[in-house]
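Values in this text are rule-based calculations from the coordinates and carry no lab data. None of the values given here were measured: they were computed from a predicted structure. Cβ atoms come from the backbone with ideal geometry, glycine included; neighbour counts cover every protein chain shown.
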Amino acid sequence: MPELPEAETIVRGLRPELTGKRVKDFVFLSPHLWRKQPASALRPDSYRGKRIEDIWRRGKLIVFSFNGQEGLLIHLKMTGQLYLTDPNQPVDKHTHALMTFSGLGKELRFRDIRKFGFLNCLKMAEIKEKVSAELGPEPLGIKSDEFYGLLKQYGKKRIKGWLLDQKIIAGIGNIYSDEMLFRAGINPERPAGSLSPEEARKLYRAMRAVLKKAIELKGSSVSDYIDSSGKKGEFQKWHRVYGKEGQLCPRCQTTGIKRKKINGRSSFFCPVCQS
């Protein structure tokens, strides 16, 4: 958390508010953000006076692009929050960065309880090179034949791990992989290459349907996730298997949802419907 739907929701909330705004000040409040900067990083104060030209998402990453070719590469990891708020609201100990803007009565805050997230201050050329080298295609942009080809290319990986591998396909995490596999009726431990063309089509359709619905409902708030205005998402109400260990399967109504560690992550599935 957050995954593609949460990052996309935040981007869609911030873009109309911040595009065209000039940075008044940008400060790091916590030393760990400095330690996470690459050697080529810019200083936060170099963004003063810069205008935000666009805000976009790639996989689970959020990217700010500024005039002058500066950029921000943001990953919220497990507990990160990126939201606009009244500057008069108290700043708590988990708020690690602030950005204010000329002519806007709101400030952008980066808050992260676990401190796994990062804001990397880089030139846009470096950000584009990084995301191009490290991330696979977007799950809502990939064609079905390319999707099937990747299943075969990385066919020895278990399908759960295949979906989580950002270099194969970008943006899917633990929550949505479980929901996709349940809807497609595929066991998470199946080798990716063992899926038949029909099973691959089912997973492809499930992937698109789950992500689109999650974006429509502004993500899943199962932990710390909030959108750009500080509100929780609603898709957790539509979860069928994730976090539902022992509950009766909503499809077969005969067995309980099972939890098992797969690729180091807790995976939830129905042993009957996904046999």
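Structure summary
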| item | result |
| --- | --- |
| Nonlocal amide H pairs with ARG58, under 5 Å, H built at 1.01 Å | VAL63 |
| Gyration tensor (Cα) of region 183-229, equivalent ellipsoid semi-axes in angstrom | 29, 13, 7 |
| Within the chain, helix-based [θ] at 222 nm, where runs of 4 or more DSSP H residues each add -39,500 (n - 2.57), nearest 500 | -8500 deg cm²/dmol |
| Violating pairs (Cα-Cα greater than 25 angstrom) within the set LYS160/LYS244; LYS123/LYS157; LYS143/LYS202; LYS202/LYS260; LYS50/LYS128 | LYS123/LYS157 |
| Helix 174-184 vs. the chain, principal-axis angle (Cα, 0 to 90°, nearest 10) | 30 |
| Label-point separation in nm, PHE116 to GLU129, each point 7 Å along Cα→Cβ | 2.9 |
| Over region 173-275: Rg over Rh, Cα atoms, Kirkwood Rh | 0.98 |
| Within-14-Å neighbourhood charge of PHE26 [Cβ basis; K, R +1; D, E -1] | +4 |
| Sites ARG12 and LYS143, calculated FRET efficiency, Cβ-Cβ separation with R0 25 Å, nearest 0.05 | 0.55 |
| Approximate shape of region 4-134 as ellipsoid semi-axes (Cα gyration tensor, √5λ), whole Å, largest first | 19, 17, 15 |
| Per-peptide average of other Cβ atoms within 10 Å, ordering 127-137, 211-221 highest first | 211-221, 127-137 |
| Cβ-placed point charges (K, R +1; D, E -1), dipole of region 66-123 about Cα centre in debye, nearest 20 | 240 |
| Proxy reagent accessibility, fewest Cβ within 10 Å first, across VAL23, VAL222 | VAL222, VAL23 |
| Reported label for calculated Cα extents along the principal axes in Å given (1) 68, 53, 38; (2) 48, 45, 36; (3) 58, 36, 31 | (3) |
| Relative packing of 24-36, 172-184, which averages over residues the other C-beta atoms within 10 Å, highest first | 172-184, 24-36 |
